[in-house]
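Each remark here refers to the structure printed beneath this line.
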Amino acid sequence: GADSQKRQLERKSDIHETDELGTGAQSTAQFRMKDGATFSLAENTNLKITEYRLAAAGDPSDSAAMELVEGSLRFVSGAIGKEKHDDWVLKAGEASIGIRGTEGEISNKSGAITVTIFKGRIAILSPECPETQIGRGTKFNFLRLDDSGCSPSYVDSPFSELPPEAFEVTPIDRESTEGGGGGGGTDRPVSPN
């Protein structure tokens with residue numbers, strides 16, 4: 001957390017802006033943000049929440065930024081970034097990934113970044129991949145970025161480290177999650193579970 005203290009998360013634990021989420025060997029985690037975005041973290045994964053602001057759906061101040069420090073995750077984006085695509089960015093290594101109403105997987109292992117898109121489209125913002133997009137409306141659904149450069153391609157069976165059942169999300173009680181989100185450096189939760 002922001003106080004540099006580790007805490008064990010349990011079901012319905014609050015996650016705050018500037019928290020870093022981590023899983024160890026033989027553990028996974030799943031959480032849902034207040035805008036409806038869902039993340040499933042594989043084993044040995046660290047994800048840092050660097051910014052999260054949710055005033056109201058479509059509000060111009062809404063934004064999200066995260067960094068996949070190491071490991072793999074699956075995601076389904078939420079309301080942030082669907083209207084204004086520059087509002088939701090996921091950094092992995094030297095690449096910034098613009099999320100655009102998307103569902104996919106990202107892996108950052110020993111400096112090699114892989115991205116697979118199942119639905120929607122993303123933009124890769126990296127010197128090695130200038131203005132590269134993968135997903136809907138493009139001929140690519142997979143990208144690998146490593147020391148040898150940027151390699152977008154199409155794959156029939158996307159890489160995955162998580163079994164499909166790890167991404168099944170239990171519906172949440174909307175009444176308990178209404179009324180704003182995290183952001184602005186405050187200690188308000190950005191995830192209700």
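The values are calculated or read from the model by the stated rules, or taken from the named source; none is laboratory data. Being a predicted model, the structure only gives us computed values, none of them experimental. Glycine gets a Cβ as well: all are built from the backbone with ideal geometry, and neighbour counts include every protein chain shown. Keep in mind that these areas ignore ligands, DNA and RNA; they rest on the heavy atoms of the full protein, side chains included. Shrake-Rupley method; radii C 1.70, N 1.55, O 1.52, S 1.80 Å.
Can you give me the solvent accessible area of Lys34 with a 1.4 Å probe, rounded to the nearest 10 Å²?
In the full protein context, Lys34 sits at about 40 Å².
Convex hull volume of the Cα atoms in the range 1-49, per residue, in Å³?
78
Explain nothing, just the number: relative contact order of the range 1-77, from Cα pairs under 8 Å at least 6 residues apart, as a whole percent.
Here the relative contact order equals 28 percent.
Please list the three semi-axes, largest first and in whole Å, of the ellipsoid equivalent to the range 75-124, using sqrt of 5 times the eigenvalues of its alpha carbon gyration tensor.
19, 12, 7
Suppose accessible area is computed on protein heavy atoms with a 1.4 Å probe; arrange Leu9, Leu143 from highest to lowest.
Leu9, Leu143
Just the number, please: carbon plus sulfur as a percent of the accessible area of the range 1-159, 1.4 Å probe, no ligands or DNA/RNA counted.
45
Could you work out how far apart the two model spin labels at Gln8 and Arg136 are, taking each label as a point 7 Å from the Cα in the direction of the beta carbon, and quote it in nm?
In this crude label model, Gln8 to Arg136 measures out at 4.2 nm.
What whole-number volume per residue, in cubic angstrom, does the convex hull of the C-alpha atoms of the range 1-156 give?
Spelled out: Cα convex hull of the range 1-156, divided by residues, is 121 Å³.
Suppose we take every Cα in the range 73-160 and form the convex hull; what volume per residue is that in Å³?
87
Skipping prolines and chain starts, which residues have an amide H placed within reach, meaning under 5 Å, of the one on His16, given they are 5 or more residues away or on another chain?
Long-range HN contacts for His16: Val190.
Can you give the extra length, in nm with one decimal, that the chain gains between Lys109 and Ala55 once fully stretched, where that is 0.36 nm per residue apart less the Cα-Cα distance?
16.0 nm
Ranked by accessible surface with a 1.4 Å probe, highest first, in what order do Cys129, Cys150 come?
Per-residue accessible area, sorted high to low, gives Cys150, Cys129.
Return the distance in nm (one decimal) between the two label points of a simple spin-label model at Thr18 and Ser153, each offset 7 Å from Cα along Cα→Cβ.
With each label point 7 Å from Cα toward Cβ, the separation is 4.2 nm.
For the range 30-72, which semi-axes, largest first and in whole Å, follow from the square roots of 5 times the eigenvalues of its Cα gyration tensor?
23, 12, 5
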